[in-house]
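The values are calculated or read from the model by the stated rules, or taken from the named source; none is laboratory data. Computed from a predicted structure; not experimentally measured. Backbone-built Cβ (ideal geometry, glycine too); neighbour counts: all protein chains shown. Surface accessibility is based on the protein's heavy atoms, side chains included, excluding ligands, DNA and RNA. Shrake-Rupley method; radii C 1.70, N 1.55, O 1.52, S 1.80 Å.
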Amino acid sequence: MIHERAGGLRVNPYGRWSRVVALDGLLLICRASLMLDMPPSAGDRDHFHGYDLALSLAAHARGLKNWTIPLVLVNASGGVPANDERYLRDRAWFERPFADSLPVSVPFEPPPGLGG
């Protein structure tokens, strides 16, 4: 992924694409049936930061697999500072239901059909 910052473009290499526990990203792709089967609760809809992590961790807890794939994207958002008030509130919201199950990891496993 390439993040756009005030000083220009910055490339963030996050390592090889493979199976991951959770996804924090600007593009999540899944079947519509998954979203219908795992709709966010009413309390989740007020949170921007962490919704992607919560959704992918919920999928992982159900035995589904999350994958990263090689896409070149330009993200015009520089993100927010780690002390941003909304970020901190949303982070606390995200951590509550997952506190007992984190940290967790999965072994390296390449996406189906892409080999190792």
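Given their separation in residues at 0.36 nm each and the Cα-Cα distance between them, Leu71 and Leu28 gain 14.3 nm when the chain is fully extended. Sorting the segments 80-90, 95-105, 57-67 by their mean number of nearby beta carbons within 10 angstrom, highest to lowest, gives 57-67, 80-90, 95-105.
Counting only heavy atoms of the protein chains and using a 1.4 Å probe, Ile29 has close to 140 Å² of accessible surface. Placing pseudo-labels 7 Å out from each Cα toward the beta carbon at Glu109 and Ala82 gives an inter-label distance of 3.1 nm.
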